[in-house]
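Read-outs throughout are calculated quantities, based only on the coordinates presented, and are distinct from any laboratory measurement. Owing to the predicted nature of the structure, the values given are computational and were not obtained by experimental measurement. Positions of Cβ are backbone-derived with ideal geometry, glycine not excepted, and every protein chain shown enters the neighbour counts.
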C-alpha cells in the first residue's frame, strides 16, 4: 500500500478517535449526575465563589411534599381549597387543580427549590448573582449591590431577592414579594404574600455545595420551618449542556383530558 494511503488511513482513524473522545466529554441534554451525592468532596472551596452548574441528585424532587409547621386558620383554609396530585391531600387526577401541572402556570419561587430542584447554573457578576434553572428554563436575579428589599412590592412569580456573603463560604439570600397563586410544592402547601424565604448556600468544598431553605410565613404557618436542610449539591462538568424541561400548557391539558377520564382503561 502506498505510504500516502497509510498516512490518510491513520489520519482518519485519529480524527474518528478524537471525535469519539470529544463526544464522550461533552454532556449534551444532561438531566444531572449519576450518584451525585455519593462521591467524597475534593479540593478546597474557592473564596466567595458559587459559579458553576450544580446538581442535587436524589434530592431533586420532594414528591410527597414537605412536613412544615402547623397551619394557621388562614393556611388551613387555603390548603383545603388546593387539590394536589401528591401528598396527604392527594386528589384524583380529574380533580387536581395544581396551576403548574394543569394550566402551565410558572412554578414560581420557592417551588423551584423545594420541589423541582433540577440541575441549575450560578453566574456571578459584580452586582448580581444569577441562577439559571433547568426546570422551566427560568432565571432569578439576586442583587448583591447592597439594596434593601422592597417594603410593599407588587407580587412576582419569583419574588425579589437580595444576597450577601456571611463569610467566605456562605452566601445568604432573602426573598419577599412572591405571588400567592404559586404553591410551595406539588403537595399543595400554600403560602401568603407575607412569605419570606431564606436560602443559605454553603460551599463546603470545591465540588460540594450545601443548600438550606427556611420558610417564614406568619400568615400561613404558626412558626418558621425548614424546607431544605443542608441538601448536598455536586458540581457538574463545565461542558455540560443542561436539558430543556419546559412545562407545556397544551401538553398538561391533553394529559389531564386523557388520563383524568375515569372511563379510560389504564
Item to complete: Using only the alpha-carbon atoms of region 64-137, report the extent along each of the three principal axes, biggest first, to the nearest angstrom.
Response: 45, 28, 18
Response to the item:
Hull volume per residue for region 98-202, using the convex hull of the C-alpha atoms, in Å³ is 100
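Which whole-number percentage describes the relative contact order of region 186-230, with Cα contacts under 8 Å and a sequence gap of 6 or more? Spell out each step's value before the answer.
Details: 71 pairs, mean separation 15.4, N = 45.
Relative contact order of region 186-230: 34 percent.
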Worksheet entry | For peptides 108-121, 149-162, 45-58, sequence by mean Cβ density within 10 Å, most packed first | 108-121, 45-58, 149-162
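When a/c is below 1.5 the answer is rounded, else prolate if a/b is larger than b/c, else oblate, so apply that to region 148-266 with a ≥ b ≥ c taken from the square roots of the Cα gyration tensor eigenvalues.
Oblate, since a/c reaches 1.5 and b/c is not below a/b.
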Worksheet, complete the sentence: Whole-Å distance linking the alpha carbon centroid of region 46-60 with that of region 148-216 is 16
Worksheet, complete the sentence: region 44-259: spread of alpha-carbon positions along the three principal axes, whole Å, largest first, is 50, 37, 28
Practice prompt. List the relative contact order of region 44-259 as a percent without decimals, with contacts defined as Cα pairs under 8 Å and 6+ residues apart.
Written response: 27
